[in-house]
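Scroll down for the structure; my scribbles are underneath it.
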Amino acid sequence: HRQKIKLMMHKKISFACVIFTLVFALVSCGSSKKTAKSSNTYSTHLTIQEERQFSYYFYEALRQKQLQKYDAAIELLTKCYNINPYDAAVRYEMANVYTINGQMQAAISSLNEAVTLDNKNLWYKVNLANLYLLLGDLKSATQVYEAASLQYPEKEEILYNLVELYTKQNRYNEAITT
């Protein structure tokens, strides 16, 4: 009986994760398109057919990721990238899959691209810093948090993380002034 309850809970949690990911992806897609449209460098003029293909591939990639079919997810996200190379959410999702697969350099590269494409997205920056921390690269994580703290000085959690990083690096004066 306990196994049935655990299985049901796991399914509910998995479903909640899928819903969260979809909602986040929708918000991310919208913000990346706004960023791309506001910049003269990035152009996202997609036809209706391209938008449909992009949406299909993107949501199918999320489904494949949820099913732990990571190669299929990367293949679909690559199709999204080929349709619209300026969508930060695609690069973010690729980074997630690469991280799961242990392809850390590819994950860092994809997250850096996501941050470049949507520089206002704090979530991308925090994930990039956390990936650097996971790899033990305190200097790079600190640089990401420093940039985020300048952009979002009201976000106390960013400042707390920055103080912690300074302390780990024996940079006490910077920790105190932060």
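Summary of values
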{"quantity": "Accessible area in square angstrom per residue, the range 50-139, 1.4 angstrom probe", "calculated": "48"}
{"quantity": "Label-point separation in nm, Asn173 to Arg63, each point 7 Å along Cα→Cβ", "calculated": "5.8"}
{"quantity": "Solvent-free Debye scattering, log10 I(q)/I(0), computed from the Cα coordinates of the range 45-117 at q = 0.12, 0.28 Å⁻¹", "calculated": "-0.28, -1.26"}
{"quantity": "The range 69-178 - percent of accessible surface contributed by carbon and sulfur, probe 1.4 Å", "calculated": "52"}
{"quantity": "Cα-Cα over 26 Å, subset of Lys79/Lys155; Lys79/Lys139; Lys125/Lys168", "calculated": "Lys79/Lys155; Lys79/Lys139"}
{"quantity": "As computed over the range 135-178, the Cα convex hull volume per residue (Å³)", "calculated": "61"}
{"quantity": "Relative pair counts by distance (%), Cα atoms of the range 39-178, 10 Å bins", "calculated": "12, 35, 29, 17, 5, 0"}
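The values are calculated or read from the model by the stated rules, or taken from the named source; none is laboratory data. These numbers come from a predicted model, not from an experiment. Quick reminder, even Gly has a Cβ in these numbers, built from the backbone with ideal geometry, and neighbours come from all protein chains shown. All accessible areas refer to the heavy atoms of the entire protein, side chains included, with ligands and DNA or RNA removed. Shrake-Rupley method; radii C 1.70, N 1.55, O 1.52, S 1.80 Å.
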